[in-house]
Amino acid sequence: MIVGIFAEGRGDLAVITNILKGSLNIDRSDIKYQLPEYDKDQTDLSVMPEEQFSSWTVVKKVCQERQKIDEFFDSPIDQESIIVLHLDTAERHREDYNIIEPVKNNDLDIKEYGNQLRSNVINKVNEWLENSYQEKIAYAIAIEETDAWVLTIYDNSNTDTSSHQRPKERLNNLLNQALRQKEKNILRAKTFDKYEWLSSDFRKKRKLLVCTTKNESLKLFCDSLVAFKETLS
C-alpha cells in the first residue's frame with residue numbers, strides 16, 4: 001500500500017507517519033509526502049516560514065483544485081494507494097473555514113461533540129472535493145490539533161485529550177516536567193524532527209492502541225486505516 005499525506009504542516013507529517021507505521025506496519029518508503037512537499041523541496045523548505053508551504057488554507061485550496069490529488073492517483077505505481085488528508089479544527093471559527101459547530105449542552109459529552117465536529121469537517125472536505133475520491137481518503141481530523149494526539153503519550157489524566165483548549169501549551173508544560181535535561185534539546189529541534197521523536201511511541205502498535213483510548217478522533221483515524229488495510233489486503 002502506498003500512502004500519500006496531505007497535511008497542514010511538518011509536525012503533522014511526522015505524527016501521521018508514526019501512526020501509519022504503528023497502525024499499518026508499512027515502511028517509510030511507502031509513505032509519500034504530498035503536502036508539504038518535504039522530500040521534493042527539503043532545502044527550500046528549511047529556509048521558508050511554515051505558513052508559506054502549508055496551512056489549512058493550502059489544504060483547502062489543494063482539495064478544491066484537485067490537481068495534486070489527481071496527479072498522485074494517476075502516477076504509475078504497482079500498489080494500491082490511498083490518501084491521508086489532515087486538518088486540525090483549531091481554526092474552525094474562521095469564516096473561510098465555515099464549519100458547523102455542534103451545540104454543547106449537558107447531554108453532549110466531549111467524545112460525542114468531537115465525533116460530530118469531525119463529521120462536519122469531513123463533510124466540508126468532501127464539499128471542497130466535490131465528493132471525489134471519498135473511498136480512497138483516510139481523514140486525519142484532529143480535534144483542536146495533532147498536539148492533542150501526541151498528548152495521549154504524556155498525559156495521565158482520564159479525560160479525552162481533545163478537551164484541552166490549548167493542547168500545544170499543555171503538551172509543552174508536561175514535557176518540561178517529564179523530560180530529562182538532555183532530552184529537552186529535542187524541544188528546540190526542527191519541527192519534523194521534534195514531533196517525530198515526541199510521537200515515536202505511535203510506531204508500536206500496542207502503545208498506539210492504548211493512546212487511542214485517550215482521544216476519540218485519534219481512534220477514529222486509526223480505525224479508518226485498519227479498515228483500508230483489511231479492504232486492500
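The values are calculated or read from the model by the stated rules, or taken from the named source; none is laboratory data. Since this is a predicted model, take the numbers as computed values, not measurements. FYI the Cβ positions are ideal-geometry reconstructions off the backbone, even for glycines, and counts take in every protein chain you see. Each accessible area value is taken on the protein alone, full model and side chains, heavy atoms only, with ligands, DNA and RNA left out. Shrake-Rupley method; radii C 1.70, N 1.55, O 1.52, S 1.80 Å.
Quick notes on this structure:
- Surface composition of the range 116-201: carbon and sulfur make up 38 percent of the accessible area, probe 1.4 Å.
- Largest-first principal axis extents, alpha carbons of the range 101-174, Å: 41, 28, 16
- From most to least packed by mean Cβ count within 10 Å, the peptides 146-154, 72-80 give 146-154, 72-80.
- The chain, helix-only ellipticity at 222 nm - DSSP H runs n ≥ 4, -39,500 (n - 2.57), divided by all residues, nearest 500: -14500 deg cm²/dmol
- Among 215-227, 177-189, 122-134, the order from most to least packed when residues are scored by Cβ within 10 Å on average: 215-227, 122-134, 177-189
- Separation of alpha-carbon centers, the range 166-219 and the range 1-26, rounded to whole Å: 15
- Value in Å of the Kirkwood radius, where the chain supplies the Cα pairs that are averaged: 18.1
- Cβ-defined net charge surrounding His86, 11 Å radius [Lys, Arg +1; Asp, Glu -1]: -4
- Exposure of His164 as accessible area (Å², to 10), given a probe of 1.4 Å and all protein chains: 40
- Average accessible area per residue (Å²) across the range 106-159 - probe 1.4 Å, nucleic acids and ligands excluded: 45
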